[in-house]
Amino acid sequence: MPLSPSLPTSSKMVDVNMLNEALLLQQDTSSTNTDILAKRNQSAPMEAQKVDDVDADDKNRPQSAEKKAAQAQAAASSAAISQTAAVVSTFLNDPESVEARTCCASILKVFHDHCDRPTDNDYSDTRLFVIIAVIGFCGMVKSLIRYFRIRWLPEAAGCILVGVMGGFIMSFIPHFDINFDGEFFLRIMVPPIVFEAALSIDKRSFNRHFTPILIFATAGTLLSTAVTAFIVHRVSILLGSWCATIPVAEALIFGALISSIDPIAVLSVLSSMGMTDTDTIYVVIFGESLLNDGVAIVLFETLVHFLDDSLVIDSEAVLAATVHFFVVAIGSVLIGLMCGALSTVYYWLMHGCQTPLVEVLMFFCWSFIPYYIADGIKWSG
């Protein structure tokens, strides 16, 4: 029966040290086998004499059928083990097998040293240095754009250029791979940025223009999603053989995704144009971008459910999606209101008991709590 080596896979990885030890054992096989054969030859006459004595004693004893069957089975097992050991020894000492395992060990070593980093998500000193350096260059570029009054280049676009140039330069560094971590951005950087923007906006102006802001954020986002989906779906049909027809569900999801407005970029553009938080256009646009982001995320997560092939899109499915949309939207607002009320009660109870440093620290903690609660239950933070 021919044997074939089991090469390592991603699910069953063979350790390099194990292969090296196997190769070292193979090299000593010849000398070891020679010693074993010599010892066996020396002990063979004595064992033969013992076997003869045992056979003579057995002849004098009555043997049962069960004992004979056990002896036959033991002899067959011994022969099978000897045959298997001979096959394995032949396979291990085969030059092609030795060469294949040596090559496999070399490939594994190179792979583990330079390529096998799928779970390397820890923030080492090098990764943190690159992140801080990119943030520092972005701040410097924004300051230069504002100082030299470069109107044709928004500050957000300048930060994008810094990222592009940084990625281009790092692509020439061997064995150095760093990419954009979306989870780090959404869970660590976005909450304080959005909180600072919402904190710095003029509350009176926001409350005074709350109705148009809410209309633009809800009805405007829904209208933008529908129009974008209609254009994408119809254009894919008109192109015919040039591209595949995009289904309505996928077109709606793309429309919800593209209708989201980045409040950070909006804040940067409006600030670079010299607007302040007391201007009506600033309050309306920036306020709409804050609410639009949450509405677009909720709408996107609601429409994703329609990608299930087993789901039948009928009136019940549409009603369920609508209910899910309003539950997530209203629930996220209620979480924010509840955390705000608890924060007020906390500061009322702890008034005069905290140092200024701890008070500011708890202020930031209370701003992060509703975001992580809503995000943890798959709502809009």
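The values are calculated or read from the model by the stated rules, or taken from the named source; none is laboratory data. All of these numbers come straight from a predicted model, not from anything done at the bench. Because the Cβ atoms are built from the backbone with ideal geometry, glycine has one as well, and the counts that use them run over all protein chains shown. Surface areas here come from the heavy atoms of the whole protein model, side chains and all, with no ligands, DNA or RNA. Shrake-Rupley method; radii C 1.70, N 1.55, O 1.52, S 1.80 Å.
Observations on the structure shown:
- Scan of segment 254-268 for residues that are modelled with pLDDT of 70 or more and open to solvent by less than 20 Å² (accessible area, probe 1.4 Å), ordered by number: Gly255, Ala256, Ser259
- Selected residue (only one of Thr355, Thr278 is in contact with an Asp or Glu (Cβ under 9 Å, 6 or more places away or on another chain) and open to solvent by 70 Å² or more (accessible area, probe 1.4 Å)): Thr278
- From the list Val312, Val283, the one residue that fits, being hydrophobic (A, V, I, L, M, F, W, C) and either surrounded by 13 or more Cβ atoms within 10 Å (Cβ to Cβ) or at pLDDT 80 or above (or both), is Val283.
- Across segment 320-340, a minimum of one residue is classified as part of a helix (DSSP H, G or I), surrounded by fewer than 19 Cβ atoms within 10 Å (Cβ to Cβ), of a type in the set (A, V, I, L, M, F, W, C) and more than 31 Å from the chain's Cα centre (by Cα).
- Identification of helices (runs of 4 or more DSSP H) wholly contained in segment 118-219 with 3 or more residues that are modelled with pLDDT of 85 or more and either more than 26 Å from Pro370 (Cα to Cα) or of a type in the set (A, V, I, L, M, F, W, C) (or both) yields 125-147, 155-170.
- In segment 212-231, the qualifying residues are those that are free of Cβ contacts under 8 Å to residues at least 60 places away in the same chain and in contact with a Leu (Cβ under 9 Å, 6 or more places away or on another chain), and the one that is surrounded by the most Cβ atoms within 10 Å (Cβ to Cβ) is Ala229.
- Ser343 under 35 Å from the mean Cα position of the chain (by Cα), of a type in the set (S, T, N, Q) and over 24 Å from Ile261 (Cβ atoms): yes
- Residue match in segment 186-200 (condition: of a type in the set (Ser, Thr, Tyr) and open to solvent by less than 50 Å² (accessible area, probe 1.4 Å)): no
- Within segment 369-381, tally of residues that are farther than 17 Å from Asp293 by Cα and either open to solvent by less than 60 Å² (accessible area, probe 1.4 Å) or outside any helix (DSSP H, G or I) (or both): 2
- Residue match in segment 164-184 (condition: open to solvent by less than 50 Å² (accessible area, probe 1.4 Å) and closer than 20 Å to Ile258 by Cβ): yes
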